[in-house]
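**Q** Sharing a structure with you now.
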Amino acid sequence: MTSSKSTRRPHHWRHDLIELAALFTAVVVADTIAKTIAKGPDGPYLLVFSAVALVATAAFHTWWARRHGHASHAPPAGATGGRPTADLPAAAGSTRNDKATEEESGPPVETTLWRMRTTVADTPGSLAALCTVLARLGVDILTLQTHPLADGTVDEFLLRAPADLSAKALARETAAAGGRDTWTERADAHDLVDTPTRVLGLATRTALDAAELPLALRQLLGRCTLHSVPAVSLTGRPTGEQAPVEGVLEETVMRLRDPHGGTLVIERPHLPFTPTEFARARALVELDARLGPRVPRSQDVLTLPEGNEITVRRADRRDLAAARAMHDRCSARTLGLRYHGPVGDADRYLDHLLSPRFGRTLAVQTASGRLVALGHLLWDGDETEVALLVEDDWQRRGIGSELLGRLVAMAEETGCDSVYAVTQSSNTGMVAAMRALNLPLDYQIEEGTLVITARLAPAPRPAGRTQEQPHEGARRAER
């Protein structure tokens, strides 16, 4: 709001003097004219001439006031009343155009997005010194987060830097400004979302689907490996993994108590966790515990080639009894192809597979409500496994291919770059279903165990990311 003081025109004594002189002159002229008209024979002519002169003078004064009045009230050079100069219309007669402006500014500079984390001393001016160095390098700071530590502060930046500035040069200049333990990684447009917005989005996804918690933790903490270790193994033996209620933070390893039993182990060897990240992860796990079991209850009704209708929906531990009944109807050969050997305790094994903590499960049921097939998308550290089980009487009807296609679509939505299936070379149905995906496949055979890996996205790995180890078919076959 503009004050009256700033809008009132200044008062000058010269204006009063000029107006007084003009009034005195007008009185003298009027007196002279009156005497001339009264005494001379040409009085009427002089009166008409005086009127014309008065009108001409008034017109001239109006023109002069308008011209010089606008000029005197124009803002000084560079003053635009708080509006950027670039937003003002171009002046009439200006010879500058858009092309000339582009030639003056030069071609746009190519830039690269970087995520950088460095530790600085917790003293006044340390962050300012680092920002000064970044400005000298032509680096624009898009976002900044601070993680307080006992012996310093971890500053996490999202930077837009010139494309010719390498990660090594950026780390070297950061070290010269007082930063230590500097870590850099290429970023993309998804990192432009600010942290509160990203955390709220992850919390919403977790609230809608319990199977989203492992994925939400990965996105919250960046490139890390997550394992859900149950308190009791599939053979019924205690695993010894039971984190305290408040969790444990050990630099590059984070252990949180799983609300479903056991422990969530999160590892990030290339970058230690901060107390702030630990608190965020623990809050997300506590939210999952308070909400309890939940999966989306949407379902699709499909018609098989022979005319039978089936329903495909999400499943969880509440479907344990129906899944066990399906196992009892399956032949030993079908179960052997699925589990690579005899199933000693189906209840405990199915309880593990149906837990949303380990992945997502799709169930197929008939019009009568009987469950006849299961499809699993299992989180295996930083990799993803797909597995199928179709009851004998419902095989060779396209159910396995339908489930596999839906599981792969789920993996793509969650950002997985590949999925793998562990089976036997004699399982021609699973091999045919994987080939029907029309995706690049890798095959690995070891002692009769076949591992088929489908690559979902050929996107290049970000700079600084360590290469993953080759697939270990023998390790997976033991699962």
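**Q** Starting from residues that are open to solvent by less than 50 Å² (accessible area, probe 1.4 Å) and on the phi > 0 side of the Ramachandran plot, keep the ones in region 142-191 and report whichever is modelled with the lowest pLDDT.
**A** G152
**Q** Any idea which of G429, G369 is in a loop (DSSP other than H, G, I, E, B), without any contact (Cβ under 8 Å) to a residue 40 or more places away in the chain and open to solvent by 10 Å² or more (accessible area, probe 1.4 Å)?
**A** G369
**Q** Here's a follow-up. State all residues of region 329-338 that are part of a helix (DSSP H, G or I) and at pLDDT 90 or above; if no residue qualifies, say none. Steps first, answer last, please.
**A** Looking only at region 329-338, we keep the residues that are part of a helix (DSSP H, G or I), and these are 329, 332-338.
Passing the criteria: only R329.
**Q** Condition test on G415, is it open to solvent by less than 40 Å² (accessible area, probe 1.4 Å) and closer than 21 Å to R455 by Cβ?
**A** When the stated conditions are applied, G415 does not pass them.
**Q** Which residues, counting only those in region 274-331, are open to solvent by 50 Å² or more (accessible area, probe 1.4 Å) and among the basic types (K, R)?
**A** Result: R280, R282, R290, R297, R317, R318, R324, R329.
**Q** Scan region 372-407 for residues that are open to solvent by less than 10 Å² (accessible area, probe 1.4 Å) and either within 14 Å of I310 (Cβ to Cβ) or part of a helix (DSSP H, G or I) (or both) and jot them down.
**A** Passing the criteria: V372, A373, L374, G375, E391, I399, L403, L404, L407.
The values are calculated or read from the model by the stated rules, or taken from the named source; none is laboratory data. Note that this is a predicted model, so its numbers are computed, not measured. Note that each Cβ is placed from the backbone with ideal geometry, even for glycine, and that neighbours are counted across all protein chains shown. Side chains included, ligands, DNA and RNA excluded: accessible areas come from the protein's heavy atoms. Shrake-Rupley method; radii C 1.70, N 1.55, O 1.52, S 1.80 Å.
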